[in-house]
Amino acid sequence: MKKRILDKRGQGYIDMVISVLVLVFLFILIMSVWSMVTLKQDIRYICNELLSTATATGQIGDAVTARYYELCEESGLTPTVEFSATYFNTAAKKVQYGEIIQCTVTCQMTLPGFSDFKLPIRVTVTQSGLSRHYWK
């Protein structure tokens with residue numbers, strides 16, 4: 001009995017199984033972080049494109065909505081978009097020349113490999129968001 005307890009045969013298999021499990025977990029974690037980084041880049045691209053459309057037209061209207069649907073189709077995402085600005089005409093959502101337009105895009109992300117754990121990813125872009133249209 002004592003000989004069997006002190007016998008070390010097969011101990012390497014247990015170490016190997018634990019090492020493989022740790023490596024698989026690390027691989028899943030790295031892939032989750034990578035997908036989060038790429039999603040954030042996609043959201044930042046959408047935010048920048050919507051902001052450039054809004055500043056070029058001087059309003060948050062049909063052109064911005066059309067560009068939003070184009071970007072959703074292109075990226076396969078459907079994020080929520082919020083604009084904040086000092087409006088010249090609130091009903092038409094027109095922004096006067098030189099006023100800042102701020103765009104915020106939010107998207108939910110499910111981490112792959114971690115069941116239904118969802119993280120909200122929020123990107124806000126304000127740089128170079130000055131309206132380029134003069135309203136009379």
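Would you say residue 106 is at pLDDT 85 or above, assigned to a loop (DSSP other than H, G, I, E, B) and closer than 30 Å to residue 32 by Cα?
no
Can you pull out the residues in region 63-103 that are hydroxyl-bearing (Ser, Thr, Tyr) and surrounded by fewer than 17 Cβ atoms within 10 Å (Cβ to Cβ)?
Matches in region 63-103: 65, 69, 75, 78, 80, 84, 86, 90, 97.
Might you check whether a residue that is hydrophobic (A, V, I, L, M, F, W, C) and within 18 Å of residue 124 (Cα to Cα) occurs anywhere in region 17-37?
Yes.
Within region 20-27, does at least one residue satisfy the condition of being modelled with pLDDT of 85 or more, assigned to a helix (DSSP H, G or I) and within 17 Å of residue 82 (Cβ to Cβ)?
No - not one qualifying residue is present in region 20-27.
Could you say whether any residue in region 82-103 is closer than 30 Å to residue 24 by Cβ and either basic (Lys, Arg) or touching a Leu at 6+ places or on another chain (Cβ under 9 Å) (or both)?
No, region 82-103 contains no residue that is closer than 30 Å to residue 24 by Cβ and either basic (Lys, Arg) or touching a Leu at 6+ places or on another chain (Cβ under 9 Å) (or both).
Condition first: polar (S, T, N, Q) and within 19 Å of residue 130 (Cβ to Cβ). Can you find one or more residues in region 101-109 that meet it?
Looking through region 101-109, at least one residue is polar (S, T, N, Q) and within 19 Å of residue 130 (Cβ to Cβ).
The values are calculated or read from the model by the stated rules, or taken from the named source; none is laboratory data. Treat the numbers as computed from the prediction; the structure is a model and nothing was measured. Cβ atoms come from the backbone with ideal geometry, glycine included; neighbour counts cover every protein chain shown.
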